[in-house]
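Engineer: Here it is, the structure, as structure tokens.
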Amino acid sequence: MKPKVAFICVHNSCRSQIAEALGKMFGSAVFKSYSAGTETKPQINQDAVRIIKNLYKVDMNETHFSKLIEDIPEADIVIKMGCNVVCPIMAHRHEEDWGLDDPTGKSDEEFIKTAKIIEKKVKDLKKRIENNEINLNTEMVL
């Protein structure tokens with residue numbers, strides 16, 4: 001069974017949404033991608049939507065919406081996007097913090113840079129899961 005990866009941040013409107021979209025695009029053969037937060041926004045960041053559509057031909061407005069942690073399945077792997085405040089807490093077998101700055105309100109170049117970093121990290125995560133470099137045989141922890 002494919003491990004479930006939850007990309008989490010506070011509002012689930014930008015970085016975690018990009019990670020979910022790119023996780024589905026580049027990692028779906030190896031893992032299932034979800035995103036969530038501790039708060040929701042009425043809509044996901046429209047700059048992120050536009051940039052991801054331009055770069056990857058994926059329209060996040062069609063398939064994505066802001067979700068709470070309790071709205072997604074229990075995850076094997078939790079990726080914190082870099083909240084710089086109190087990050088959400090979720091049960092997991094493996095956890096990472098990618099420490100990404102939020103591009104909200106910044107230039108398109110910042111969104112593109114963030115998307116490219118997330119793409120690289122998603123591809124690396126896929127490779128590490130394939131190579132059994134992440135131990136998923138541990139007990140769930142908070």
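Engineer: Taking the Cα centre as origin and putting +1 on Lys and Arg beta-carbons and -1 on Asp and Glu beta-carbons, what dipole magnitude results for segment 21-84, to the nearest 20 debye? All intermediate terms of the calculation are to be shown ahead of the outcome.
Structural biologist: Working: 8 positive and 8 negative charges, 60 e Å.
In total the dipole reaches around 280 debye.
Engineer: Divide by every residue of the chain the summed helix terms, -39500 (n - 2.57) for each DSSP H run of at least 4, and state the resulting mean residue ellipticity at 222 nm, rounded to the nearest 500 deg cm²/dmol. Don't skip to the answer; put the middle values down first.
Structural biologist: On the way: 4 runs with 51 residues, N = 142.
One gets -11500 deg cm²/dmol as the mean residue ellipticity at 222 nm.
Engineer: Please give, to one decimal in nm, the separation of the simple spin-label points placed at residue 130 and residue 43, each 7 Å out from Cα toward the Cβ.
Structural biologist: Distance between label points: 3.7 nm.
Engineer: Hey, if you put +1 on the Cβ of every Lys and Arg and -1 on every Asp and Glu Cβ in segment 45-142, which of 138, 82, 56 ends up farthest toward the positive end of that dipole?
Structural biologist: Projecting each Cα onto the dipole axis, the largest value belongs to 56.
Engineer: Expressed as an acute angle from 0 to 90° and rounded to the nearest 10, what is the orientation of the C-alpha long axis of helix 108-130 relative to the principal long axis of the chain?
Structural biologist: Roughly 20 degrees, rounded to the nearest 10.
Engineer: May I ask you to give the average projected area over all directions of the convex hull of the Cα atoms of the chain, in nm² rounded to one decimal? Let's see the in-between values first.
Structural biologist: On the way: hull surface 31.3 nm².
Taking the Cα atoms of the chain, their convex hull projects to 7.8 nm² on average.
Engineer: What is the set of long-range amide H partners of residue 95 at a cut-off below 5 Å, with H atoms built 1.01 Å from backbone N?
Structural biologist: Amide H neighbours of residue 95, under 5 Å, 5+ apart: 78.
Engineer: While we're here: Based on alpha-carbon positions alone, could you give the equivalent ellipsoid semi-axes of segment 14-65 from the gyration tensor, as √(5λ), descending, whole Å?
Structural biologist: Values for segment 14-65, descending: 17, 15, 8 Å.
Engineer: Given a 1.4 Å probe and every protein chain left where it sits, what share in percent of the accessible area of segment 55-142 is carbon and sulfur? Please list the in-between numbers first.
Structural biologist: Values: 2490 of 5260 Å².
Carbon and sulfur: 47 percent of the exposed surface of segment 55-142.
The values are calculated or read from the model by the stated rules, or taken from the named source; none is laboratory data. All values reported here derive from a predicted model rather than from experimental measurement. Neighbour counts are summed over all protein chains in view; Cβ atoms, including those assigned to glycine, are modelled from backbone coordinates with ideal geometry. Just the protein is used for accessible areas: all its heavy atoms, side chains included, with ligands, DNA and RNA removed. Shrake-Rupley method; radii C 1.70, N 1.55, O 1.52, S 1.80 Å.
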